[in-house]
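Student: Sharing a structure, written as C-alpha cells. Questions coming.
The numbers here are math on the coordinates, done by the rules we state, and not lab data. Bear in mind that the values here come from a model prediction, so they are computed numbers and not experimental data. In this analysis, Cβ positions are derived from the backbone assuming ideal geometry, glycine residues included, and neighbour counts consider all displayed protein chains.
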Amino acid sequence: MDRTSVSSKGGASTLENVDEWKWKLHMLLRNDNEQEIMSREKKDRRDFDQLAQLADRMGLHSRQYSRIIVFSKVPLPNYRSDLDDKRPQREVSIPSGLQREVDALLADYLARKRTDSGNFPNAAFSRSSSTDSFATDESFYEQQDNQTSTNVVMERIQRRKSLQLRNQQAAWQESNDGQSMMEFRRSLPAQKERQSLLEAISQNQVVVVSGETGCGKTTQLPQYILESEIEAARGATCSIICTQPRRISAISVSERVAAERGEKIGESVGYKVRLEGMRGRDTRLLFCTTGVLLRRLLVDRSLKGVTHVIVDEIHERGMNEDFLLIVLKDLLPRRPELRLVLMSATLNAEMFSSYFGGAPMIHIPGFTYPVRSRFLEDILEVTGHRLTPYNQIDDYGQEKSWKMQKQALRKRKSQIASVVEDAVKAADLRDYSPQTRDSLSCWNPDSIGFNLIENVLCHICQKERDGAVLVFMTGWDDINTLKDQLQSNPLLGDPSKVLLLACHGSMASSEQKLIFDKPEPGVRKIVLATNLAETSITINDVVFVVDCGKAKETSYDALNNTPCLLPTWISKASARQRRGRAGRVQSGECFHLYPQCVYNVFADYQLPELLRTPLQSLCLQIKSLRLGSISEFLSRALQSPESLSVQNAIEYLKVIGAFDQNEELTVLGKHLSMLPVEPKLGKMLIFGAIFNCLDPILTIVAGLSVRDPFMTPFDKKDLAESAKLQFSCRDYSDHLAIVRAYDGWRDAERDRNGYDYCWRNFLSAQTLKALDSLRRQFLFLLKDTGLIDENMTTCNKWSRDENLVRAIICAGLYPGVSSVVNKEKSVSLKTMEDGQVMLYSSSVNGKEAKIPFPWLVFNEKVKVNSVFLRDSTAISDSILLLFGGNIQQGGLVSSFALLI
C-alpha cells in the first residue's frame, strides 16, 4: 500500500496533536509498504508548520495541498492532480451510430492494409541521405572508399594526390602572401607548443589541450595536424573533423582557417552546420557543429575514414558535447588509429583527462593585451550615474509586463537576488563616495540594467578612445528591446556616429557575419550579443566589453516536470571569457554591471546542460544509435543526470509514441530520430505529411522554432493588438494566427510589398524571413527522408481543413494540454503537472472572457512567478480523443472517460 489517509479526533491541543503525529510518522518510517500518509483534518492543517518541522527532522517530506496535508518518504511536487477536488473531469459519450460507423471504417482500412512494411516509408533508414549527416555528399563516401581500398592503382592515385597537396601547401607557404601569413601565425602563443602538440597526438589516442583566450588553439591546432599530415605525404588519407558548439563558430573559424591557407572555403577546409555547408571532394579539415557529428554517427557508427576528431569548447559542457564524449569513449577501443583531441578555453582539463584514463594535458598560455575591469561601484564613480528603485526597471513594453513586474520590489526575493544579498551587505565600500554607496544599497540584481547600459555606452562614446563595443545580453527579447531604446537616444541612435548590430543564435548566418565587418571611419560599432560571443568567434576591433553578468539558462524541475528558461548569474569562467574579448587587438576595458563582491561568489564553472535540461531528444538519440539502456548509458557521463529526469524523458517519449513499452524505438520514433528538431515538432511535421495538410504545419513548426513574429510597440499597443486580432479571426489559436500572418506576407512578397505589409500589421520582417527559410529546410528534410514526394499538391490536399490542422497541432503538442473552465468573467486553466496556469497576455486567448472549447494545447510553458502558457490552440473533445494520448475505457458501454 502506497498511501494512508488519516482521520484524527478533533479538538486536541497543538502539543497533543504534534505528539500524536510523532508516533504516526515513526510508524510510517517503519512500514516498508507505505510511501506516504495524509490528513484532511482541520486541526492538522492548523498545526502544519510544527508538523512539517517535525517531519523534516525525521527525514520526511511534507506539503499542504489545499485542504489536505501529506507526509512522504520521497519529495513531493507542487501540485497533485489526484488531490485536487476541483479538477475538471469530463465524460464524452460516443453515440452508438457513430461508433458503428467508425468500426466499419476501421474494418475496411484493416482489410485493405498491406501486411508488408511498405505502408510507411522507411527509406530514411536505408538511405544515407540525412541532411545533417555527412552522407549527403557522395564524394565524401567516395573519399572514404579511397581510404580503405587496398588496390594498388588506388594507392598510386592517393600517393599522387598526397604529393600534389604537399606541393600546393609548399607553394603557398613560399609565396609573399603565404610568408606574411606564416609570420603572423608564428606570433601566436600556440606556435611555441606546435611540436609538443603534434608529438603528443601521434603518441597518444587522446590529448587534452587547454588554452587561454588569444592563444590561437581553435584556428591553429587543426591546421598543425593538417599541415603535418600533408608534409608526411598522408594528405589524401587524412580526414579531420573539428566540432564547434555553435553555427557561427563553425562557419567563421573555417573561413579564417581557409584564408590562412590561401584558399577559398570548400577546398581543403570546409564547414557543415544544420542544413548548410561548404565542402568539396578535396576537403580534409571540416568544421561542424556537434549535432552534425552526432548525426553522422547515425549512419556511420565507426566514423569510417576519419583520422582525427577535435572537440572544441568542451568546458561549456553542452548536452551534445557531453553525449559525444560518451560515444567517442566507447568508439576509441574499436578504432585504435583514431586520434581524439579535446580543447578547453579554461583550466579545468584535469576532469576530462581523468575521464579518458589519464590522457596527457598540454596548456597553451594565452596572449591578450591588458584588460582593466570596472565593476559596478567603479562604473558609478566614473560615470556619476545614480541608481534608484525606479530607474532600474527594464521597459519591455506592455505585452511583456510580467517581466517588469518580476523586477519590481516584492516581499519574496528571487533566486538571483538571494544569492548576492549577503555579499553586498558584507562588502567594504569605504573608498567610494556616499552617492555610490547609496546607489549600491538600492541596486536591483533582478534587472538587466537597460538604463545603466545606455549610460555606460554614452560614456564610452563621449569620453573613451576609439574601438568597438561588445555588450553581453541574455536573449533576443533583451537585445531587441535594448536596441530600440538605444536607437531613440540622440547620440547612440545617430547612424553617422554609431553602428548598432545584434548577434543571436536564431539569426541567419549572413546577418550574424555583419558583426565582423569594420565600420566607416568615425563610426563606433556596438554589438549586442548573447553568450555565443564568449568563445570561438573573435570580433577583432572590440576594445570595450559591457557584461550584464547574466545568461539565459534552461533549468529543469524534474519533480514538477517543468522547464524554466530564466536569466541566471554566469560563472567566473564565463566572466573571464567575456573580459578577454576586450583584449584581443589592444588593451581594453570591461564594464561589469555588478559589484566585485558579487563576482567573488559566482560559481567557478557553469552547471552542465545535461544536469539542467529535459532529456527527450537525447534519449531519442541514444536509442537511434543503438547504445543500449538509456539509464546505463547516461551513467557513464562525466556527470550523470538524476534518474527522475531520465525517467520523465522516457515516459514522455512513450506518451507521444516514439518508444514502445520496452523503451525501444517505434516506427515513429525512428523517423523522429532523423529529424533535427524537438520530438514533438518532428511528430507534427510527420503527421502533417501523412494527413496531407503539410503547408500550414510547416509554417507552425517553423514559427515555434523562431521567435514570435508579432510585435507590440509600447506606444502603439492598441493598434498592434487590433492587427493581431484580424489574423486570429476569433478561432482561439495562436498557431493559426501565425499561419494567416505568414500567408499574407508571402503574398505581399510576391508583389514586392513585404516590408509595407509588415509595417502595417506590426510584424517582424526579419522573423518572417527566418520562418520562411526554416519552412524550406523542413520541406527538404521531409523529401530527403522519403516522407513526402515531389507532388506538393497531394501533400496539401486538406491544408484548408481547419479542424484537421487543429488535430495535427494536438497530435504534436500532446501531452501539453490544459483544461478550460469558463467562469462568469474569466477563464480557469489547469494542467496535470501544475494545477492552475495562466496565459501570456500576448496570446490571442489571453484576453478572452470565454473560450468555447474544453481544452487548450500548448507548445511551451514557462515558470516565472506562476506557470504561464506562451502559445495555445483551442481543441474539441473529439480531437483530443483521436489525436491525444491513449484512451482508457470507462464504466459505461460505448463511453470513454477523458480525465485531464
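Student: Take every Cα-Cα distance within region 514-649, group them into 10 Å bins from 0 onward, and report for each bin the whole-number percent of pairs it holds.
Tutor: Spelled out bin by bin, region 514-649 gives 10, 31, 26, 20, 11, 2, 0 percent.
Student: Whole Å is fine, so just give me how far the alpha carbon centre of region 62-90 lies from that of region 337-385.
Tutor: Using only Cα atoms to place each centre, the spacing works out to 47 Å.
Student: When the Debye formula is applied to the Cα atoms of region 134-364, each taken as the same point scatterer, what base-10 log of I(q)/I(0) results at q = 0.12, 0.17 Å⁻¹?
Tutor: Reported log10 I(q)/I(0), two decimals: -0.63, -1.36.
Student: Let me ask another. Once the dipole of the chain is set up with Lys and Arg at +1 and Asp and Glu at -1 on Cβ about the Cα centre, which of VAL862, ILE379, VAL546 lies farthest towards its positive end?
Tutor: VAL862
Student: What ³J(HN,Hα) values, in whole Hz, does the Karplus curve 6.51 cos²θ - 1.76 cosθ + 1.60 give for region 659-673 when θ = phi - 60°, with x put for Gly and Pro?
Tutor: 10, 8, 5, 9, 6, 9, 5, 7, 4, 4, x, 5, 5, 4, 5
Student: List, in order, the whole-Hz ³J(HN,Hα) value for each residue of region 353-367 obtained from phi through the Karplus relation with A = 6.51, B = -1.76, C = 1.60 and θ = phi - 60°; use x for Gly and Pro.
Tutor: Along region 353-367, the couplings run 4, 5, 4, 9, x, x, 4, x, 10, 10, 10, 10, x, x, 10 Hz.
Student: A follow-up question, please. Dividing the Cα radius of gyration by the Kirkwood radius, what Rg/Rh value follows for region 614-669?
Tutor: 0.94
Student: Roughly how many Å is it from the Cα centre of region 276-328 to that of region 637-693, as a whole number?
Tutor: 23 Å
Student: Can you list residues whose amide H is under 5 Å from ILE68's amide H, if they're 5+ apart or on another chain and H is modeled 1.01 Å from N?
Tutor: When sequence neighbours closer than 5 places are left aside, there are no close amide H contacts.
Student: Now a separate question. Each residue of region 229-245 in order: what ³J(HN,Hα) in whole Hz does its phi give by Karplus 6.51 cos²θ - 1.76 cosθ + 1.60, θ = phi - 60°, with x for Gly and Pro?
Tutor: 5, 5, 4, 8, 6, 10, x, 6, 10, 8, 8, 10, 10, 10, 8, 10, x
Student: Which whole-number percentage describes the relative contact order of the chain, with Cα contacts under 8 Å and a sequence gap of 6 or more?
Tutor: Answer for the chain is 11 percent.
Student: Around ARG339, which amide H atoms from residues at least 5 apart in sequence, or from another chain, sit under 5 Å from its own amide H, with H modelled in the peptide plane?
Tutor: HIS308, VAL309
Student: Cβ under 11 Å from THR213's Cβ, THR213 left aside: what net charge do those residues give with Lys, Arg +1 and Asp, Glu -1?
Tutor: Overall, the nearby charge balance is +4.
Student: Right, something else. Are there GluC sites (Glu not before Pro) in region 498-602 that DSSP marks as loop and that have at most 10 other Cβ atoms within 10 Å, and which are they?
Tutor: none
Student: With the dipole of the chain worked out from charges on the C-beta (+1 for Lys and Arg, -1 for Asp and Glu) around the Cα centre, which of SER587, GLY211, ALA258 lies farthest toward the positive end?
Tutor: In the chain, that residue is GLY211.
Student: May I ask you to work out the translational diffusion coefficient for the chain at 37 °C, viscosity 0.692 mPa s, via Stokes-Einstein with Rh from the Kirkwood sum over Cα pairs, reported in whole µm²/s?
Tutor: Diffusion coefficient, whole number: 107 µm²/s.
Student: Quick one: which residues, 5+ away or cross-chain, put their amide H under 5 Å from the amide H of PHE659? H built at 1.01 Å from N.
Tutor: LYS654, THR666
Student: Further question on the same structure: Against the empirical 2.2 N^0.38 Å scaling, what ratio does the C-alpha Rg of region 676-782 come to?
Tutor: 1.08
Student: Quote the charge dipole size of the chain about the Cα centre in Debye, to the nearest 20; the model charges only the Cβ of Lys and Arg (+1) and of Asp and Glu (-1).
Tutor: Magnitude of the dipole: close to 260 debye.
Student: Quick check on the chain: helices-only [θ] at 222 nm, where DSSP H runs of length 4 and up contribute -39,500 (n - 2.57) each and the sum goes over total residues. Nearest 500, please.
Tutor: -12500 deg cm²/dmol
Student: While we're on this one: Where nothing but the Cβ of Lys and Arg (+1) and of Asp and Glu (-1) is charged, how large is the charge dipole of region 134-364 around its Cα centre, in debye to the nearest 20?
Tutor: It comes to approximately 380 debye.
Student: Additional query: Summing Lys, Arg as +1 and Asp, Glu as -1, what charge do residues with Cβ under 12 Å from the Cβ of VAL867 carry, VAL867 excluded?
Tutor: 0
Student: Answer with one residue from MET838, LEU298, GLY682: the one whose Cα lies farthest towards the positive end of the charge dipole of the chain, charges on Cβ with Lys, Arg +1 and Asp, Glu -1.
Tutor: So the residue furthest toward the plus end is MET838.
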